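Let me begin by presenting the structure, written as structure tokens, before commenting on it.
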Amino acid sequence: MSEFSYFQARGWIEVVVGSMFSGKTEELIRRLRRAEFARLPVQVFKPVIDDRYSMTDVTSHNKTSIASKPIKSADEIWNHLHKDTKVVGIDEGQFFDDGLIQVAQDLADRGLRVIIAGLDTDWQAKPFGPIPTLMAIAESVTKQHAVCVVCGGTASRTQRTAGGAGQVQVGATDAYEARCREHFKPVVDQPSMSLSR
Ligand code: ADP
Ligand code: MG
């Protein structure tokens with residue numbers, strides 16, 4: 001069982017990690033929809049930086065979506081949190097600063113179920129933002145994988161294929177590919193379509 005699907009009265013933290021295109025957002029949305037089926041009040045937040053598909057929705061690469069509140073810092077959750085909310089979903093957690101760690105702890109200590117999706121590593125395969133610490137303190141960690149676009153194997157890395165060397169550069173298939181350990185390079189690489197292998 002990849003998540004706590006039984007009813008639990010106390011709060012906890014669930015983390016869903018993996019490379020880009022590994023289905024983190026789809027899995028986050030699936031868990032939140034199940035909570036809604038259980039009539040648990042749900043609120044969803046995402047960093048304002050992630051405007052790839054919609055300013056307000058959390059949207060997967062497969063175009064499934066759920067309404068969310070864009071926020072600049074994790075502390076803003078306290079300004080928007082409804083008193084009856086039981087489940088808090090957060091997408092693109094890697095883009096928040098370390099303040100997200102304490103907010104997640106405090107929400108869980110108050111009895112809320114906190115589900116955070118985010119990249120475990122950046123485009124250079126280095127641990128990304130607050131996610132590594134959240135993986136350590138969470139009650140549940142789900143590590144997902146995409147399909148390597150070069151060989152069809154299990155992709156655990158996010159290959160940058162366009163742009164500069166900054167850690168944060170928002171993009172989708174225009175700038176990133178899912179790759180396995182063997183085909184990943186910690187530099188900006190040409191897209192696999194143009195690779196001769
Ligand atoms: P994440 O949030 O981890 O980036 P999403 O949930 O947004 O992932 O998207 C997952 C979807 O991306 C898959 O269901 C599939 O339709 C699509 N997809 C595109 N490229 C790949 C790939 N290389 N491997 C797996 N899924 C991919
Ligand atoms: Mg996503």
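Quick notes on this structure:
- If the condition is being charged (D, E, K, R) and within 16 Å of ligand 1 (Cβ to nearest atom), then the range 55-72 contributes D57, K63.
- Residues of the range 123-167 that turn out to be surrounded by 15 or more Cβ atoms within 10 Å (Cβ to Cβ) and either on the phi > 0 side of the Ramachandran plot or of a type in the set (D, E) (or both), as a count: 3
- Here D97 does not qualify as under 13 Å from the mean Cα position of the chain (by Cα), over 21 Å from G11 (Cβ atoms) and away from ligand 1 (no atom under 11 Å from the Cβ).
- Looking only at the range 126-163, and only at residues there that are in contact (Cβ under 8 Å) with a residue 60 or more places away in the chain and among the hydroxyl-bearing types (S, T, Y), the one that is nearest to ligand 2 (Cβ to nearest atom): T158
- Per-region count, the range 89-106, residues out of contact with any Pro (no Cβ under 7 Å at 6 or more places or on another chain), small (G, A, S) and part of a helix (DSSP H, G or I): 2
- Selection status of D75, modelled with pLDDT of 95 or more, assigned to a helix (DSSP H, G or I) and more than 16 Å from ligand 1 (Cβ to nearest atom): yes
- Any hit, the range 106-113, residues being touching a helix residue (DSSP H, G or I) at 6+ places or on another chain (Cβ under 7 Å), of a type in the set (A, V, I, L, M) and in contact (Cβ under 8 Å) with a residue 12 or more places away in the chain: no
The values are calculated or read from the model by the stated rules, or taken from the named source; none is laboratory data. Every value quoted in this text rests on a predicted model; they were computed, and no experiment measured them. Note that we place each Cβ from the backbone using ideal geometry, even for glycine, and neighbour counts take in every protein chain shown.
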